Amino acid sequence: MRRSALARPITLLLGTTLVALAAAVPAEAGGHGATALPAVPPRAETAALYDDEAGGNADADDPAIWRNAAAPARSLVIATAKEGGLRVYDLDARPVQSVPAPPAPGPDDAPGRFNNVDLVHGLRLPAGRTDLAVTTDRGHDTLRFYRIDRDRPGGPLTDVTDPAAPPVFSADQDEVNAQQTAYGLATWTDTATGRSYALVSRRHRTTLALLELTATAHGKVGYHRVRTLDLPAAFRLPNGDSWTPCAEPGELPQVEGMVVDPGDHTLYAGQEDVGIWRLPADLTAKPQLVDQVREYGVPGRYDPETEECTPGDDPGYGGTRLSADVEGLTLLTEPDGDGHLLASSQGDNTFAAYDRERSDDNEYEGGFRITAASPDLDGSEECDGAAALNAPLGPRYPHGLLVVQDGHDAPADGDRAATGFKFVDLAEVTEAVDD
């Protein structure tokens, strides 16, 4: 979610758990402002998307990278465009397919709105194992599933969603229309059982749901709920005060960016105005806060006329590397178990890198910015979603690829706000973090 740092919606304290933090995150030698970070230019960008009637209400949000094992140079980037559905691109950022979001079920209901996307590899269907693109349909409060076949006539994605798949959180259409619906997404497969799952966050709530994916005899894919977990909505500060992030009345601090480490099934979840949580992907243990946003603990007063927050004095309990919102969590994995957790620091247009290994307590290892490569190829601002793949992808990206959303694509078309996706050489990202 893109928001001004001064426009935080207020959250009500509704009997939620208070989390005690022993001390504020200290400013370490590795902490720095945005100006000190190395700059990494993109190599390509997608055509701009426009969130207006002429543009099909398309708004770039979240990408995933599908590797074509037989022909890595013919791999794909699959990305959400909210009411614009899904977009599929080749490695030159050229469009391959556009998949529309489903229409509203009734004249007063919300239309389909694809928020986040992730991949499932090798799900068993009656016709054999297949790779799937999975997306949260925020408009309908469901997951949708698309089989990936690179050489299928008409485009690589085919809808295989079970029409009987229930809402993830809502009890009926009235609740769906209230839009406290499926939002963030991360998928994972339990290597011990072979079962595949989706973790889904709820818009304007702190709830995470674990869903097991299921295949029907007719080759469709659905899901059922295994369990849910609520992250904290209120926090006990070191001075004894209780704090909740500033938000519109009735809204709780939501999660969007999520990723599961396939090595140890650890879920990392970005609570936008709070920080990054670490917990088991099966949601069976207490979450731990890896890092906090700079705004952590800052009081705010919501003005219903301007729909903005006025921040109070900073008590100094926040972190030093992330500016709200924390978004776009992705993993840069290495075969030996090393690598990085990357996070979009949306409030200052930077990215933070943490050690992937839990034995090092996800130590902060550096950061970078994605800046303009030329007047016609700008960088990434207010990044929502990101995806990294550390694997050869042909001659253009022999060391892997990072794809990030750009919340302010430039140059703009007059007064039309534009968004899109930037493609970045992963080797340059690794070099920037390791410097």
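What to note about this one:
- Hits in the stretch 323-372 - residues which are in a loop (DSSP other than H, G, I, E, B), crowded, with 18+ Cβ neighbours inside 10 Å and of a type in the set (Asp, Glu): Asp325, Glu357
- Taking residues in the stretch 248-269 that are touching a residue at least 40 places away in the same chain (Cβ under 8 Å) and of a type in the set (A, V, I, L, M), and partners anywhere that are outside any strand (DSSP E or B) and surrounded by fewer than 16 Cβ atoms within 10 Å (Cβ to Cβ), the pairs with Cβ atoms closer than 9 Å and at least 6 places apart or on different chains are Leu252/Leu12; Leu252/Leu14.
- Residue in the stretch 56-77 that is nearest to Ala373 (Cα to Cα), counting only those that are part of a loop (DSSP other than H, G, I, E, B) and open to solvent by 20 Å² or more (accessible area, probe 1.4 Å): Arg67
- Of the strands (runs of 3 or more DSSP E) lying entirely inside the stretch 186-243, those containing at least 1 residues that are surrounded by fewer than 19 Cβ atoms within 10 Å (Cβ to Cβ) span 207-215, 221-230, 234-236.
- Leu86 vs. criteria buried (at least 16 other Cβ atoms within 10 Å of the Cβ), in contact with a strand residue (DSSP E or B) (Cβ under 6 Å, 6 or more places away or on another chain) and more than 23 Å from Gly257 (Cβ to Cβ): no
- Which listed residue is hydrophobic (A, V, I, L, M, F, W, C) and out of contact with any Gly (no Cβ under 8 Å at 6 or more places or on another chain), from Leu213, Leu289, Leu252: Leu252
- Cβ pairs under 6 Å, 6+ apart, first in the stretch 84-101 and without any contact (Cβ under 8 Å) to a residue 24 or more places away in the chain, second part of a loop (DSSP other than H, G, I, E, B) and open to solvent by less than 20 Å² (accessible area, probe 1.4 Å): Pro100/Gly85
- Residues that are open to solvent by 10 Å² or more (accessible area, probe 1.4 Å) and under 15 Å from Asp62 (Cα atoms), drawn from the stretch 388-411: Ala388, Leu389, His408, Asp409
Residue by residue, here is whether (1) without any contact (Cβ under 8 Å) to a residue 60 or more places away in the chain; (2) more than 19 Å from the chain's Cα centre (by Cα); (3) under 23 Å from Val259 (Cβ atoms) holds:
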{"residue": "Ala36", "(1), (2), (3)": "yes, yes, no"}
{"residue": "Asp52", "(1), (2), (3)": "no, yes, no"}
{"residue": "Asn57", "(1), (2), (3)": "yes, yes, no"}
{"residue": "Ala60", "(1), (2), (3)": "no, no, yes"}
{"residue": "Ala64", "(1), (2), (3)": "no, no, yes"}
{"residue": "Asn68", "(1), (2), (3)": "no, yes, yes"}
{"residue": "Ala73", "(1), (2), (3)": "no, yes, no"}
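- When each of Thr130, Thr142 is tested for being surrounded by 15 or more Cβ atoms within 10 Å (Cβ to Cβ), without any contact (Cβ under 8 Å) to a residue 60 or more places away in the chain and within 27 Å of Val326 (Cα to Cα), the lone residue that passes is Thr142.
- Residues located in the stretch 412-435, provided they are open to solvent by less than 30 Å² (accessible area, probe 1.4 Å), part of a helix (DSSP H, G or I) and small (Gly, Ala, Ser): Ala432
- Check on Ala93, modelled with pLDDT under 95 and open to solvent by less than 60 Å² (accessible area, probe 1.4 Å): no
The values are calculated or read from the model by the stated rules, or taken from the named source; none is laboratory data. Bear in mind the structure is a predicted one, so any value in this text is a computation, not a measurement. Glycine gets a Cβ as well: all are built from the backbone with ideal geometry, and neighbour counts include every protein chain shown. Protein only, heavy atoms only, side chains kept; ligands, DNA and RNA dropped before computing areas. Shrake-Rupley method; radii C 1.70, N 1.55, O 1.52, S 1.80 Å.
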